[in-house]
Amino acid sequence: MSTVLAICFEKGAGRKTLDRCLSLLGFRGPGPDWRLHDEGLLTATVRGPMRPGTLQEIGRIPGVAWVLDRTPRASPRGSVEIGRGRRIGPPDFAVIAGPCSVESESQILKTAERVAEAGATALRGGAFKPRTSPYSFGGLGERGLELLALARERTGLPVVTEVLDPAHLEAVARHADVLQIGSRNMQNFPLLFLAGSRGAGRPVLLKRGLAATLEEFRLAAEYVRLGQIAAGGDGRAVILCERGLRTFEHEVRYGLDVAAIPILQETTDLPVIADPSHAAGTARYVAPLALSAVAAGADGLLVEVHADPPAAFSDREQALDPDEFHGLMKAARAVAAARAAAGTGEPANRCGNETAGVRP
Ligand code: PEP
Ligand code: MN
């Protein structure tokens, strides 16, 4: 039996505070079971039974702001507020839609208007793009962020966009409602923590790495959550996105891991959505994968839609046009309703991260 603790120090707390915490927890010097993160956050795993009252004692050490028990335990799944009064997570079904990349004012506005009409919950679009080839279009950068903000003003849709590098974090958080961390960065640990701690309180949409196990995915989310906690948040503003794994098969871009949806819903307290677009890689396979994810109980979808797919600068083969997206929305709603009527219900949560502890 072990207990996982997150202890946050007051600004300016020094070595003495750290030493007192470590000695109270029974640690002598550096070791494998504790670690000091940025923003004065100490995490520690206490092996074996912990003396009753330890949390309170730590909370009374001068320089300790608060202490939380992060030991995984059952806690109900919640929804995440993403701005403009919208939420992702149970009991709602949410759809994030938009182009792979923001390319121009007319492209993003046209696409945003069409996905809004079809009933999307939020607009997506990359301004800083991770691209396999250094010769491919890399996004419009800050100009792309401004265009996304303009599209939000026109449509009322909150904006989801990727933060690729800590150097862009401040600008992305200034314009976006939700910070996306892409597959290739799922284990960029400093970026994960910083998106939580320096992301201006914006929720994070975390995509599963293309060769990541579910445990690696959950632990990546925990970095973001600890960053949010270190910044005074509740560490619950993370949305998990299954987007397909690399397999030996080459007739589909990635293998959508549908089983990951109920498993993550059982083993975390976070909303779980699916991205059928990057998994399919081909527009005509997007709907079958999307509907399989909805049937499996996904809390939402992330779908690439472009006003004029053949003209797209990136991921053109998998982009739906606005009419196809409209059709998918209708079908997804029908499947979600059928699933609700069938009464399969919420998976029983086995393991969340209730943040019990001492906190002002
Ligand atoms: C994206 O959603 O724009 C993207 C690049 O996806 P992924 O990180 O899943 O490849
Ligand atoms: Mn894309």
Query raised in the report: What angle, in degrees between 0 and 90 and rounded to the nearest 10, separates the Cα long axis of helix 283-295 from the longest principal axis of the Cα atoms of the chain?
Result: 50
Report summary line: Simple spin-label estimate for R246/A331, 7 Å along Cα→Cβ, in nm, reads 3.0
Query raised in the report: How large is ³J(HN,Hα), in whole Hz, for each residue of the range 173-181 in order, when computed from phi with the Karplus curve 6.51 cos²θ - 1.76 cosθ + 1.60 and θ = phi - 60°, using x for Gly and Pro?
Result: 5, 5, 9, 8, 8, 10, 8, 8, 10
Report task. Work from the charge dipole of the chain (Cβ charges, +1 for Lys and Arg, -1 for Asp and Glu, about the Cα centre) and give the residue of G244, G53, P130 farthest towards its positive end. Result -> G53
Report task. Would you mind checking the tilt of helix 15-25 against the longest principal axis of the Cα atoms of the chain, expressed as 0 to 90 degrees and rounded to 10? Result -> 80
Query raised in the report: Quick one, what does Rg over Rh come out to for the range 219-285 if you take C-alpha atoms and the Kirkwood Rh?
Result: 1.10
Query raised in the report: Which value, in debye to the nearest 20, gives the size of the charge dipole of the chain about its Cα centre, when Lys and Arg are +1 and Asp and Glu are -1 at the Cβ?
Result: 1040
Report task. State to the nearest 20 debye the size of the charge dipole of the range 172-271 about its Cα centre, where the only charges are +1 on K and R beta carbons and -1 on D and E beta carbons. Result -> 460
Query raised in the report: When the dipole is taken about the Cα centre of the range 1-129, and only Lys, Arg (+1) and Asp, Glu (-1) are charged at their Cβ, what size is it in debye, to the nearest 20?
Result: 440
Query - Rule-of-thumb Rg ratio for the range 108-208 [Cα; 2.2 N^0.38 Å; N residues] - result: 1.04
Requested in this report: On a 0 to 90° scale, report how tilted helix 105-117 is relative to the longest principal axis of the chain, with both axes built from alpha carbons and the result rounded to the nearest 10.
Outcome: 90
**Report entry** Residue-averaged [θ]222 nm for the chain, counting only DSSP H segments that reach four residues, each worth -39500 (n - 2.57)
**Finding:** -10500 deg cm²/dmol
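How would you order 122-135, 321-334, 218-231 from highest to lowest mean count of nearby Cβ atoms within 10 Å?
Details: 122-135: 19.6, 321-334: 17.1, 218-231: 23.6.
Top to bottom by mean Cβ count within 10 Å: 218-231, 122-135, 321-334.
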Query raised in the report: What lysines could a cross-link reach from K207, if we take a straight Cα to Cα line under 22 Å and drop same-chain neighbours fewer than 8 places away?
Result: K129
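No lab work stands behind these numbers, since they all come straight from the coordinates. For clarity, every value in this text was computed on a predicted model and none was experimentally measured. All Cβ positions, glycine included, derive from the backbone under ideal geometry; neighbour counts span all protein chains shown.
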